[in-house]
1. When the residues of the range 70-105 are narrowed to those that are in contact with a helix residue (DSSP H, G or I) (Cβ under 7 Å, 6 or more places away or on another chain) and in a strand (DSSP E or B), which ends up farthest from the ligand (Cβ to nearest atom)?
2. For the range 65-101, give me each residue that is surrounded by 14 or more Cβ atoms within 10 Å (Cβ to Cβ) and among the hydrophobic types (A, V, I, L, M, F, W, C).
3. Report those helices (runs of 4 or more DSSP H) wholly inside the range 7-69 carrying at least 2 residues which are over 18 Å from ASP85 (Cβ atoms) and either within 11 Å of the ligand (Cβ to nearest atom) or within 22 Å of the chain's Cα centre (by Cα) (or both).
4. Determine which single condition LEU139 fails, assuming it passes every other condition in (1) part of a loop (DSSP other than H, G, I, E, B); (2) more than 30 Å from ILE196 (Cα to Cα).
5. If ARG117 satisfies all but one of (1) surrounded by 18 or more Cβ atoms within 10 Å (Cβ to Cβ); (2) at pLDDT 85 or above; (3) in a helix (DSSP H, G or I), what's the number of the condition it fails?
Amino acid sequence: MKLLVIEDEIKLSGYLRKGLTEAGYLVEVANDGIEGLHLALEGDHDLLLLDSMLPGIDGLSLLATLRRTKQTPVLMLTARVEVEDRVRGLQTGADDYLLKPFAFSELLARIQVLLRRAGPRHDAEPTVLRLADLELDLLRRKATRAEQRLELTAKEFNLLTLLLRRQGEVLSRTELASQVWDMNFDSETNVVEVAIRRLRSKLDVPFERPLLHTVRGMGYVLEDRPA
Ligand code: CA
């Protein structure tokens, strides 16, 4: 499922891109209203996250223009608390509102509600990822194996999500470092190896069949290999 984030605060848009990607969405980002409107009109997005205060074209004007031709669900993000702004936004055609600062879990929950409301085509969209007896519930941020809860840290959960979404594919340390830790790989640090070791101790060690495999000199792959 494809989301468009229109947000001029670079830090926030980066955070949203990362979090929503990890939650399993395809994410496109625009950092001003003009680019945002262009992408929203041209693209085939399932949902828009729209900041209300934007350079170029402000959120409400963008929304009004968009609504002339498109009914893409819109979740407005706003720092303003005034009730009248919210009312104006809803009258203009926003589907929901979220006040900044917001908890990421609430954002995810609201996105789910809007997508569900938008139509049956979204019902089949997986929010639970599986491999063998491993199950990852992306909304509840819950990991289980053989129905036993795995107590993972946030980073371990994100790491496992990435590996699971791309199961069968060898992911290099560099890629994992940049995707999960948002850092460029520095050969001095062994952050990925340490995290993999910890993850493995929870994911594989207590169980009979390992799912997380090291590919020497290449990286790591999550897959269910025949015994
Ligand atoms: Ca803004």
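The values are calculated or read from the model by the stated rules, or taken from the named source; none is laboratory data. No experiment lies behind these values; they were computed from the predicted model shown. Cβ: placed from backbone, ideal geometry, glycine included. Neighbour counts: every protein chain shown.
1. Among those residues, the one meeting the criterion is ASP96.
2. LEU66, VAL74, LEU75, MET76, LEU77, ALA94, LEU98
3. On the way: elements: 10-22, 33-42, 59-69.
Those helices (runs of 4 or more DSSP H) span 10-22, 33-42.
4. Looking at each condition in turn, LEU139 falls short on (2).
5. (1)
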